[in-house]
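*Asks:* So that we are looking at the same thing, I have put the structure below in structure tokens.
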């Protein structure tokens with residue numbers, strides 16, 4: 001088994017109130033990851049995901065390709081965080 005990592009990704013653009021979090025949750029079903037997605041007060045969406053590095057990159061690519069047209073992602077940035085092993089499944093967090 002490869003090393004697991006946790007990434008925090010912030011998506012900016014028209015990503016709130018348009019079903020973006022639900023799209024991300026649906027897409028997560030095709031990947032071997034755990035995580036959570038939530039709206040942030042300033043209008044962006046935060047994604048915290050744990051999995052193998054290649055799996056996380058493929059998931060992020062899938063989100064940006066799937067959502068670029070539908071949700072008008074203007075940009076995103078991601079960075080590695082301390083490993084979070086306590087997450088189970090993939091959830092939409094309450095704000």
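Coordinate-derived values only; no laboratory data. The shown structure was predicted, so the numbers you read here are calculated from the model rather than taken from an experiment.
*Asks:* Got the relative contact order for the chain handy, in percent, Cα pairs under 8 Å and 6 or more residues apart? Write out the running numbers ahead of the final one.
*Replies:* On the way: 175 pairs, mean separation 43.9, N = 95.
It comes to 46 percent, rounded to a whole number.
*Asks:* When DSSP beta bridges are limited to those with both residues in the chain, what percentage is antiparallel, rounded to the nearest 5?
*Replies:* On the way: 21 of 24 bridges.
Once the DSSP bridges in the chain are tallied, antiparallel ones form about 90 percent.
*Asks:* Moving on. Under the rule of -39500 (n - 2.57) per DSSP H run of 4 or more residues, summed and divided by the residues of the chain, what mean residue ellipticity at 222 nm is obtained, to the nearest 500 deg cm²/dmol?
*Replies:* Theoretical 222 nm ellipticity from helices: -9500 deg cm²/dmol.
*Asks:* Another one. Which three extents, in angstrom, do the Cα atoms of segment 4-55 have along their principal axes, listed largest first?
*Replies:* Ordered largest first, segment 4-55 gives principal extents of 30, 19, 14 Å.
*Asks:* Cα gyration tensor of the chain, axes a ≥ b ≥ c as square roots of the eigenvalues: rounded (a/c below 1.5), prolate (a/b > b/c) or oblate? Walk me through the numbers on the way to the answer.
*Replies:* On the way: a/c = 1.70, a/b = 1.51, b/c = 1.12.
Verdict is prolate for the chain.
*Asks:* Next up: What's the extension gain from residue 66 to residue 41 if we count 0.36 nm per residue and subtract their Cα-Cα distance? Each step should come with its number before you reach the end.
*Replies:* On the way: separation 25, 0.36 × 25 = 9.00 nm, distance 2.39 nm.
Value of the extension gain: 6.6 nm.
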